[in-house]
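Novice: Okay, handing you the structure first.
The values are calculated or read from the model by the stated rules, or taken from the named source; none is laboratory data. Since we're looking at a predicted model, the values are computed, not measured. Here the Cβ positions follow ideal geometry from the backbone for every residue, glycine too, while neighbour counts run over all protein chains shown. Heavy atoms of the whole protein, side chains included, go into the accessibility calculation; ligands, DNA and RNA do not. Shrake-Rupley method; radii C 1.70, N 1.55, O 1.52, S 1.80 Å.
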Amino acid sequence: MKVMVGGTFDPLHDGHKRLLARSFDLAGPDGNVAIGLTSDSFASRKNHPIRSFAERSADLERFLTRTIRSTRWAIEPLNDRYGSAIDADFDALIDSEE
């Protein structure tokens, strides 16, 4: 299954980790998870300081490398609310109440 999940992930907390885990559970071991990470310009709309895309991406990569064993994944920049979900063919879009 091809799944997309997105967010700012700053700081990467337990709620984010559960959201990511659910995404990988749905995708399954032979699936693919696209992780949309808000770009610096898109994240700057938040009302609190956000670390750079590079720092947040590195945190995500460290977490995923330690926890994900078989499912393929990729981090892509989100420049708007939709990212590649508009053009790509995903089986599921994962979202939180936020």
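Novice: Between residue 89 and residue 45, with labels modelled 7 Å along Cα→Cβ, what's the label distance in nm to one decimal, could you check?
Specialist: 3.0 nm
Novice: Between beta-carbons, use under 10 Å as the cut-off and find the net charge around residue 2, counting Lys and Arg +1, Asp and Glu -1.
Specialist: Charge balance near residue 2 sits at -1.
Novice: Could you tell me what percent of the accessible area of the chain is made up of carbon and sulfur, with a 1.4 Å probe and every protein chain present?
Specialist: That share works out to 48 percent.
Novice: Before rounding to the nearest 500, sum -39500 (n - 2.57) across all DSSP H runs of length at least 4 in the chain and divide by the residue total; then give [θ] at 222 nm in deg cm²/dmol.
Specialist: -10000 deg cm²/dmol
Novice: With every protein chain left in place, what is the accessible area per residue of the chain in square angstrom, probe 1.4 Å?
Specialist: Heavy-atom accessible area per residue stands at 63 Å².
Novice: For the chain, just run the numbers: alpha carbon Rg, then divide by 2.2 N^0.38 Å, N being how many residues it has.
Specialist: 1.01
Novice: If Lys and Arg each add +1 and Asp and Glu each add -1, what is the summed charge of the other residues whose beta carbon sits under 11 Å from the beta carbon of residue 39?
Specialist: Net local charge, residue 39 excluded: -1.
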